[in-house]
Amino acid sequence: MKTFREKVSFILTALAYLLFHLGKSPDTGSILIGTIMALMNTLPYEIGLTYLILVFIRRLTKGEWPPWDRILRIFFTIGILFGLIYNLYVKGALEQQRLEQKKVNVSRCWEGDNRMGPSYWA
């Protein structure tokens, strides 16, 4: 990172990484706990995929590792994708729970809602 533009883009990528991992905890509603949960759930996959990509890059460049800032940029980019997918999954699961709680099923019917007359089958 030699130029000011590279430093700014690096910081913006790191902030986007944190932004995509922001989330509310379903239990307590805390943003801090939700963000830590998102990071802990996705971090092993992000590290593993980053390592695989770095091994591939190293193989292509005949044994040279990229500079540390490039490694972190790759990590942040992968993390942004994983954070997006994780948060979409959590939002979908919470919405599904909400819809299942609102759904009326047989066990929630009133006692007198059943038909009292004879049932005719065609």
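The values are calculated or read from the model by the stated rules, or taken from the named source; none is laboratory data. Fair warning: this is a prediction, and the values are worked out from it, not measured in the lab. Reconstructed Cβ throughout: ideal geometry from the backbone, glycine too, with neighbour counts over all protein chains shown.
Summed over the range 72-105, residues that are under 14 Å from Asn41 (Cβ atoms), at pLDDT below 90 and out of contact with any Gly (no Cβ under 9 Å at 6 or more places or on another chain) total 1. Entry remark, the range 13-31: residues being surrounded by 12 or more Cβ atoms within 10 Å (Cβ to Cβ) and over 13 Å from the mean Cα position of the chain (by Cα) number 6 in total.
Residues are listed down the side, and each one gets a yes or a no for (1) in contact (Cβ under 8 Å) with a residue 60 or more places away in the chain; (2) over 17 Å from Leu84 (Cβ atoms); (3) among the basic types (Lys, Arg); (4) part of a helix (DSSP H, G or I):
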| site | (1), (2), (3), (4) |
| --- | --- |
| Lys2 | no, yes, yes, no |
| Val8 | no, yes, no, yes |
| Lys24 | no, no, yes, no |
| Leu32 | no, yes, no, yes |
| Met37 | no, no, no, yes |
| Ile47 | no, yes, no, yes |
| Ile53 | no, yes, no, yes |
| Arg58 | no, yes, yes, yes |
| Glu64 | no, yes, no, no |
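For the range 32-68, filtering for residues that are closer than 15 Å to Val90 by Cβ, surrounded by 12 or more Cβ atoms within 10 Å (Cβ to Cβ) and aliphatic (A, V, I, L, M) leaves 5. Within the range 72-88, does at least one residue satisfy the condition of being loosely packed, with under 15 Cβ neighbours inside 10 Å, among the β-branched types (Val, Ile, Thr) and outside any helix (DSSP H, G or I)? Within the range 72-88, none of the residues are loosely packed, with under 15 Cβ neighbours inside 10 Å, among the β-branched types (Val, Ile, Thr) and outside any helix (DSSP H, G or I).
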